[in-house]
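Heads up, the thing below is written out as structure tokens.
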Amino acid sequence: MPCRFYRAARRAAQTGLTGRDLDDFKTQAGSIDEVSRISLRQLIRADQLSAARHTVMLSIPVAFVLSLVSTFVAWRAGRLWIALSWLACATLVNLLRIPLCRLSPQRVARLLPWMHARGEAASAGSEVELNLRLHGILALLSGIAWAGMPWLSDGYTTPETLFYLTCVCGITAGAVTHGFAFSRIPIGFITPPLLSVIFCLFAFDHNPTRLALAVTAVIYLAGLIRGARVGERMFLRACALKHEATTANQALAVAHEDLRQFATRMQYQAEHDLLTGLLDRAGFMQVAGQVVARGEHRLCLMFLDLDGFKVINDAYGHEAGDQVLFEVARRLQDGLPEGATLARLGGDEFVILYAPDAGAELPEQLAQRLIAAIRQPFARLAHRHIGLSLGIYLSRGDDINEMLVCADAAMYEAKRRGRNQFYVFNQSLDAHLQMKRDVERDLAHALARGELEVWFQPIVRHDGHTLDGFEALLRWAHPRHGAIAPPDLIEIAALAGHSEELLRFIMGEVASMIQFLHASGRCDLRISMNVSPREMERIVIEELVASTLKARQLPARMLEIEITEETAIDLQAATQTLVALAIQGVSIAIDDFGVGYSSLGFLRQMQVSRVKIDRSFVTGLADRTENQALVSAVLQLADSFGFQVVAEGVESAEDLQTLQALHCHAMQGHYFAQPMPAHAARQRVLAMARV
């Protein structure tokens, strides 16, 4: 059938056959097309059999009545026993034809196994062929019986000849008329009686009229045979058109169903994550939008992010990472309250949206339970655990995009506080988020109007008095929110696409300070400037540094680039930039040392000149023996590797004395000096020079 060919062609298209496979497909397609033609022929044969059975059952009563009338005429002519013999033969054949029309083709095939398919395997097609063949044989036998009618009239020479000839002509014409579906039946029936008529007309009583009538009978026989064949061809054509139309409709139905299933699959794939089976971002936004639009209940949105997942991918490969994500999705699903929606937004980020029921588990309790579930060991991760940072936002009627922003902000606050933490979005975080939005909106205008400044905080040496250099710190007094912290400014600039413009501004201010120090004869001092991880990824910092220093003819040794340990952990991404800076002569420093994951190999490979111990380990150092041990260990490490140590956050004389006792190389903090504008820093340098 063509629909089968369609399916085969579609499967071939989906598998993408090429070369030899395509040739094999063409061969297979040809065989399928052959099967389609065979199947169509079988359907037409079945139609022929159905029509033949119907028309035979209609013609048998007519033939029986004509046989009785002919017997009556023969009885009146004194030929009763001959007529009865003839009637018995004709009736016997009709009695055989009746069950052939009544029984199913399968039943007939079982009753006559010796005739079935001639050694071929039983099939619906062979059974139909057997029945058609039997109908043709019985039609021929019936025609032979009617060919005995000349016995009733002495070879058509008696006065009853006209009646008998009329009967023969009528029944043969009727046979052709009714037997249009399968020409072998009417041809088999009409040929014997008409041949007997022609023979008798030629053989007995040679007069011109009988000879002319014989010729007419020959023409009549030929016309009937041709009519039977033409009728069969018309029937076959009509059947073929009918079945081709049916097949086309079936193919269209199959194609429509395939397209419907394909559209369903595409819709599913467009709304679901193929790895975990969860909703993806598009699917979640659609479902969440509908839930929020109803506004029936207070909603809880949780934003989840895995801690340490990147390390899993790097250490175990992406296949293991995919299995971990799949298992994380399963654990989260198992812990969800009824009616909750879970989605994977991408990477290792998930969201949960649900309506907390009164008296049910609090969102904080659910968060703790989910964190505990993710902390359980994973089969593929030997001696490693994954953490979960989770932000919670409670809302009623907010826009889903606003909810995502708030929950995401809460998640980052939880991540900032450490692993396996959750944080509920509150007014303080809302104010911080509003600040970030306002800063992002106003930053471009502030840069254009020169509202940003670079301040400088002194770094002093071991004695607590001698100036060692300055750290450049970005400052901006926002009209609404006041002083904006440098990390926030750098982060917002990256989000707003102003990172390069901001870095060029800072580099220009730092270069101006270096130029002043160089002109003042203080080439021993260094100016440190911070570079964020995002800046190192997006900006060619080494080219910016080289072009700025070259344009002002400044020595590279007076510039120090501070990178956070967050950058240092991504060794592959940072290596090329830092090596290029080191080759120029720029010093490299690690900021916030002790709170990240820097490796000793990285410190040695990058030829780091200084590390800055985070203020969390320095402030109040005199009263914390464990922090003293850590600082002492870092100082011993520095002596072994040949780099200096700067202690940040010195706030008291006691902290200074403790650091001096530990022989710390340099220090920085409010105890010595707070960050100051550039002009104040210059005055401090000039004042120390006079001293």
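The values are calculated or read from the model by the stated rules, or taken from the named source; none is laboratory data. Owing to the predicted nature of the structure, the values given are computational and were not obtained by experimental measurement. Positions of Cβ are backbone-derived with ideal geometry, glycine not excepted, and every protein chain shown enters the neighbour counts. The accessibility values were calculated without ligands, DNA or RNA, using every heavy atom of the protein model including side chains. Shrake-Rupley method; radii C 1.70, N 1.55, O 1.52, S 1.80 Å.
Scanning the range 413-422 for residues that are in contact (Cβ under 8 Å) with a residue 40 or more places away in the chain and surrounded by fewer than 19 Cβ atoms within 10 Å (Cβ to Cβ) yields Lys415, Arg419, Asn420. Do we find a residue being part of a loop (DSSP other than H, G, I, E, B) and either over 29 Å from the mean Cα position of the chain (by Cα) or in contact (Cβ under 8 Å) with a residue 12 or more places away in the chain (or both) anywhere in the range 361-369? Yes: the range 361-369 contains one or more residues that are part of a loop (DSSP other than H, G, I, E, B) and either over 29 Å from the mean Cα position of the chain (by Cα) or in contact (Cβ under 8 Å) with a residue 12 or more places away in the chain (or both). Taking the options Leu140, Leu68, name whichever one is surrounded by fewer than 16 Cβ atoms within 10 Å (Cβ to Cβ), part of a helix (DSSP H, G or I) and at pLDDT 85 or above. Checking each option against the conditions leaves just Leu68. You will find that of Arg330, Arg344, the residue that is of a type in the set (Lys, Arg) and open to solvent by 80 Å² or more (accessible area, probe 1.4 Å) is Arg330 and no other. One residue stands out among those in the range 71-98 that are farther than 16 Å from Gly148 by Cα and not in a helix (DSSP H, G or I): the one that is most open to solvent (accessible area, probe 1.4 Å), which is Gly78. May I ask you to list the residues in the range 674-683 that are open to solvent by 10 Å² or more (accessible area, probe 1.4 Å) and among the small types (Gly, Ala, Ser)? Scanning the range 674-683 gives Ala678, Ala680. Restricting attention to the range 202-253, which residues are β-branched (Val, Ile, Thr) and either in contact with a His (Cβ under 8 Å, 6 or more places away or on another chain) or within 24 Å of Tyr156 (Cβ to Cβ) (or both)? Listed by number, the residues that qualify are Thr209, Val215, Thr216, Val218, Ile219, Ile225. Could you check the range 289-327 and list, in sequence order, the residues that are over 24 Å from Ala360 (Cβ atoms), open to solvent by 20 Å² or more (accessible area, probe 1.4 Å) and of a type in the set (D, E, K, R)? Listed by number, the residues that qualify are Lys310, Asp314, Glu319, Asp322, Glu327.
If we scan the range 516-525, do we find a residue that is part of a helix (DSSP H, G or I), closer than 24 Å to Ser587 by Cα, open to solvent by less than 50 Å² (accessible area, probe 1.4 Å) and among the hydrophobic types (A, V, I, L, M, F, W, C)? The answer is yes, given that some residue of the range 516-525 is part of a helix (DSSP H, G or I), closer than 24 Å to Ser587 by Cα, open to solvent by less than 50 Å² (accessible area, probe 1.4 Å) and among the hydrophobic types (A, V, I, L, M, F, W, C).
Note on the range 419-470: residues that are farther than 17 Å from Phe303 by Cβ and touching a Gly at 6+ places or on another chain (Cβ under 6 Å) total 1. For the residues Phe425, Phe505, the requirement of being buried (at least 21 other Cβ atoms within 10 Å of the Cβ), without any contact (Cβ under 8 Å) to a residue 60 or more places away in the chain and of a type in the set (Phe, Trp, Tyr) singles out Phe425. In the range 205-221, the residues that are on the phi > 0 side of the Ramachandran plot form Cβ pairs under 7 Å with partners that are among the polar types (S, T, N, Q), at six or more places apart or across chains, as follows: Asp205/Thr157. Highlighted here are the helices (runs of 4 or more DSSP H) found entirely within the range 394-500 that include at least 2 residues which are modelled with pLDDT of 90 or more and touching a Phe, Trp or Tyr at 6+ places or on another chain (Cβ under 8 Å): 400-416.
Taken over the range 636-657, residues that are free of Cβ contacts under 8 Å to residues at least 40 places away in the same chain, of a type outside the set (Asp, Glu) and more than 13 Å from Phe593 (Cα to Cα) amount to 7. Screening the range 578-630 for residues that are surrounded by 15 or more Cβ atoms within 10 Å (Cβ to Cβ) and aromatic (Phe, Trp, Tyr) and picking the one that is modelled with the lowest pLDDT gives Phe602. Where residues in the range 640-666 are touching a strand residue (DSSP E or B) at 6+ places or on another chain (Cβ under 7 Å) and either among the charged types (D, E, K, R) or open to solvent by 70 Å² or more (accessible area, probe 1.4 Å) (or both), which of them is farthest from Arg610 (Cα to Cα)? Selected residue: Glu648.
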